[in-house]
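The structure appears right after this line, and notes come after that.
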Amino acid sequence: MPAAREARNALLALNPGDYPLSLDGGKSSVSAKAIADWAKAAAAGVEWLPIDKPVRQFQAKRIRSGVETALASLRVSQESGGTC
């Protein structure tokens with residue numbers, strides 16, 4: 001998956017440490033709380049249609065399940081390589 005490799009390489013260029021998704025240059029991984037806070041801030045002031053899970057209940061694990069669903073819809077196997 002060349003696009004995934006490109007995205008990973010771009011993140012590694014920004015955060016050359018052990019953790020490509022990081023707020024401190026790769027020294028530690030970004031926390032679920034940081035992602036949830038970002039999601040809440042991004043959604044502030046946005047008028048939403050009624051939904052069953054408002055942003056105030058955002059959970060970082062939903063990102064993974066959403067990505068898994070999107071990849072499955074594209075018929076990408078979970079065994080496609082783990083690390084890009």
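Every number here is computed from the coordinates shown, using simple stated rules; none is lab data. Because the structure is predicted, anything quoted here is derived from the model rather than measured. Cβ sites come from the backbone with ideal geometry, for glycine too, and all protein chains shown count toward neighbours.
For the pair VAL76 and LEU14 in one chain, pulling the backbone fully straight at 0.36 nm per residue adds 19.6 nm over the alpha carbon distance.
The local environment of ASN15, defined by Cβ-Cβ distances under 10 Å, has a net charge of -1 under the rule Lys, Arg +1 and Asp, Glu -1.
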